[in-house]
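Every number here is computed from the coordinates shown, using simple stated rules; none is lab data. Computed from a prediction, not measured in an experiment: that's the story for all the values here. When we count neighbours, we look across all protein chains shown, and the Cβ atoms used for this are built from the backbone with ideal geometry, even at glycine.
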Amino acid sequence: MNICKKCKNEIQSDYCPYCGHPQKIERINGRYIISEIGSVLNFQKGIFHTIKELLIRPGQNIRQFISEDRSRLVKPIMFILICSLTYTIFEQIFEFKDEYIDFHVEFNDSDSVMNFIFQWINQNYGYSNILMSVFVAIWIKIFYRKYDYNFYEILILLLFVSGMEMLMFSFLGVLESLTKIPVLSFGTYIVLIYAFWATAQFFGKRKMLNYLKAPISYFLGSITFFLVAIGIGLLIDLIK
């Protein structure tokens, strides 16, 4: 008779019938590492499958992830981290910068905290995009209040969408760097349209009003984010 190392119940098979924990954990070796990498990158449940599904049916797949099946898509936190890292790496290698995410703001006082804040936003697009999603989620919750989704579920939607935005900017940036064709200038609009379309599809693709609410929510969320950033900077400047 064996005892489960996790829940301490008696087990007679290779897996615990109570918690599903294996009796023997596979030793970490080369085969294990390759298997883990494959599970993240595979087209069945991994990052590539997630990207494919979010390109084809973003709103529908995110809605199913929230309410039905959370196993087929990569978890949103891991997804946004992978996408942020991908964007950062490609940006550093190919040295591209899109005007849409170039928040270049200068204030008269060179020592103003606001200069530092906007410089940080400009240099850390991945993190600032996540922070901005919080404010966009607030406005989406207001405009789509008739739908039974809470703030955190809407935030999950935006994490997936923001991740796809960063991957698109990465692709466009690399393409522009290699071909010298200014694709980022018009590609920005494609990325924005994707974000609006994905959000509207999440709440119901057949309702045309949803396609109007989405860009308004993003616009107001972005404005709110910058107003809060300016407010924090002004407050710190006054205190010091």
So how much slack lies between Q23 and Y189, counting 0.36 nm per residue of separation and subtracting their Cα-Cα distance, in nm? 54.5 nm
What are the membrane-span-like helices in the chain by this rule: whole DSSP H runs, Cα extent along the axis at least 30 Å, mean Kyte-Doolittle hydropathy at least 0.0? 151-179, 183-204, 208-239
May I ask you to order 132-141, 145-154, 200-209 by the average number of other C-beta atoms within 10 Å around their residues, highest value first? 132-141, 200-209, 145-154
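If you add up the charges near K146, with Lys and Arg at +1 and Asp and Glu at -1, over every other residue whose beta carbon is less than 14 angstrom from its beta carbon, what do you get? The partial results should precede the final answer.
Numbers: positive: K141, R145, K207, K213; negative: D148.
Every neighbour counted, the sum reads +3.
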Provide Rg and Dmax in Å for the chain, with only Cα atoms included in the calculation. 21.8, 75
Cut-off under 27 Å on the C-alpha distance; same-chain residues fewer than 8 positions from K207 excluded. Which lysines are left, in chain and number order? K52, K141, K146
Under 5 Å, built H, 5+ apart or other chain: amide partners of Y15: Q23
Stretched out fully, how many nm does the piece from I142 to T224 gain, at 0.36 nm a residue minus the Cα gap? 28.2 nm
Which lysines have a Cα lying under 16 Å from the Cα of K5, excluding residues fewer than 8 positions away in the same chain? K24
Using alpha carbon centroids, what distance separates the stretch 143-190 and the stretch 43-90, in Å? 13
Expected sort for 210-217, 50-57, 179-186 on mean C-beta neighbours within 10 Å, highest first, is 210-217, 50-57, 179-186
